[in-house]
Amino acid sequence: MKDGEKEELIRLTVAPYIQKATALIGVARKVGGNQFRHMMATFTILIDYHYTNPVLLKASLIHDLFEDVPDTDRNLIRLLDNGNEVVKLVEEVTRIPGESKIEYLTKILKYGSKEAKILKVADRISNLTDLHLDVIIQEKMANYLEQSMEYIFPMAEEVNHFMAIEIKDLVERRKMYLESWNVMAH
């Protein structure tokens, strides 16, 4: 970690956002675990890629909160340090009711801010890492992997080449799992 990054992280105040994210402890993920752990994983992925922007890091801690806990009081979050900017970024990566997954991903790919794309890529890295055949049906996994290459990979190429490499590697490994699973099933 570079000295500048270390100093930025030392000054980072995230406890109020972690507290807000605890509302996700009771929200189960289809792949197991809960959404709170997923928020924390997304946060650490960003740090791993040397992102120290406080708004981006704080938003990562609550990036699924508005979707998963729709009655969240956004005004209380706006009162926190960087709150207005964090709410704006979280809203940008929040899928609105009635919006298809493809419409949502296309919107971020074509019109999303750089920070929204970085956050979405880190989110997908976490999701792909947690994706296992024993908890998700093959067809759904195949579609998810296809979606990752069609929408998330181009976002990653645009914002961070190394994240793009990780997306591609994760997708290729999951495809290998799918293929071996299909061979074993037949």
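Only the coordinates and a few stated rules stand behind these numbers; no lab work does. Remember, it's a predicted structure, so these values are computed and weren't measured experimentally. Heads up, the Cβs are rebuilt from the backbone with ideal geometry, glycines too, and the neighbour counts pull from every protein chain shown.
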Using the charge dipole of region 9-81 (Lys, Arg: +1 at Cβ; Asp, Glu: -1 at Cβ; taken about the Cα centre), state which of Thr13, Phe36, Asn75 has its Cα farthest towards the positive end. Thr13
Taking all pairs of distinct Cα atoms, average 1/r, flip it, and tell me the Kirkwood hydrodynamic radius of the chain in Å to one decimal place. 17.2 Å
At a Cα cut-off below 30 Å, give the lysines reachable from Lys88, other chains included and same-chain residues fewer than 8 away excluded. Lys2, Lys6, Lys20, Lys30, Lys58, Lys101, Lys107, Lys110, Lys114, Lys117, Lys120, Lys168
Rounded to 10°, Cα long-axis angle of helix 83-92 versus longest principal axis of the chain: 20 degrees
Cα centroid separation - region 14-31 against region 47-102, whole Å: 12 Å
Using alpha-carbon coordinates, inclination of helix 114-129 to the longest axis of the chain, degrees: 50 degrees
Among 119-128, 65-74, how do they line up from the highest to the lowest mean number of other beta-carbon atoms within 10 Å? 119-128, 65-74
Pick out which of Glu172, Glu92, Glu115 has the largest mean-square fluctuation in a Gaussian network model of the chain, springs linking Cα atoms closer than 10 Å. Glu172
Could you give the size of the charge dipole of region 3-185 about its Cα centre, using +1 on the Cβ of each K and R and -1 on the Cβ of each D and E, expressed in debye and rounded to the nearest 20? 220 debye
Rounded to the nearest 10 degrees, what's the angle between the helix 161-185 long axis and the longest principal axis of the chain, both from Cα atoms, 0 to 90? 40 degrees
With only Lys, Arg, Asp and Glu charged, each at its Cβ (+1 for the first two, -1 for the last two), find how big the charge dipole of region 79-186 is about the Cα centre; round to the nearest 20 debye. 140 debye
Of Met141, Met176, Met40, the most mobile residue in a GNM of the chain (C-alpha springs, cutoff 10 Å) is Met176
Once you've got the GNM for the chain with C-alpha springs shorter than 10 Å, pick whichever of Arg11, Arg95, Arg78 has the biggest mean-square fluctuation. Arg11
Binning at 10 angstrom from zero up to the longest distance, how are the C-alpha pair distances of region 1-85 distributed in percent? 18, 49, 28, 6
Here the gain from full extension of Asp73 to His132, 0.36 nm per residue of separation minus their alpha-carbon distance, amounts to 17.9 nm
